[in-house]
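Q: Please read through the structure below; I'll follow up with questions.
Read-outs throughout are calculated quantities, based only on the coordinates presented, and are distinct from any laboratory measurement. Predicted, not measured: the structure shown is a model, and the values here were computed from it. Cβ sites come from the backbone with ideal geometry, for glycine too, and all protein chains shown count toward neighbours.
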């Protein structure tokens, strides 16, 4: 097909026909040994910008094509982030969970406990150690969180930590930072009081001098009994832990002189009549034995004075050493004797749940 000026084409932009000259290169150019000599048939010098081929003779200035001007390809380097990992473009085929969004105008201040100057509920839960803030938001939108007994599913709720009771799946979250919960591993010879007029070692001797809040002990241990003693300034919790109706279990390690007859455990679980009524242990387990000594673990929910010692004395095995290792869900674990530690958020939650708080 012939191309003419009638098609609106620039003659200079057409591909040269075979045998035609272009920039001094063509059929009329002289060659030596089959190679381009760089001289025209007229004997003159080659024009500027030519290097022996039609492609190389193209200009690299303003008239260059886009293909000639684009940046060279840079190969991928090992360890380098891919474009989508650098956030350069969005992946549209994401099928994972999406964060629920609250409508802009959704009302969140209709709750009686709403406080404009308070803390966002999900932030308060995260600070209390429930979970990360994102997970706390999911718990709220799933309807698993209640504030003062009312289910909250909105994310914009603000509350005063000192005035609300927050629960997740029925378990109370401790949000009041003024409340203190501690575990004391009491040594033998220490009286279970904050002060002693006779000058004997007492609980206060093991507390920090910088501690400003007043705490009190939950229940008592006699002078020679060792182990776990809870300290708190939460009066409601202390009352419930010691009230007989909640039957909070307490576990002890009891050392007696052995050997022990096989029927003693069944007798203690059946019940022993004492001067203040019938008492019994909930569980009885032989832990260890050595020549002349036996170590037994018992669990009992009674809070009567010296109840464990009196039960073993009643069956003919006076207690040589007594250590409380657990009260409710709180264990003494590997805590050193004579030390005081703060309970973790998880421990506090389980402790409150054990007495329906």
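Q: For residue 290 and residue 262 in one chain, what is 0.36 nm times their gap in residues minus the Cα-Cα distance, to one decimal in nm?
A: That works out to 8.5 nm of additional length.
Q: Follow-up question, since we're still on this one. Taking 7 Å along the Cα-to-C-beta vector as the label spot, tell me the residue 178-residue 196 distance in nanometres, rounded to one decimal.
A: My value for the distance between the label points is 3.3 nm.
Q: Same structure again: Please compute the length gained on full extension between residue 339 and residue 119, using 0.36 nm multiplied by the number of residues separating them and subtracting their Cα-Cα distance.
A: Result: 75.8 nm gained on full extension.
Q: Can you give the FRET efficiency to the nearest 0.05 for residue 207 and residue 131, using r as the Cβ-Cβ distance and R₀ = 41 Å?
A: 0.80
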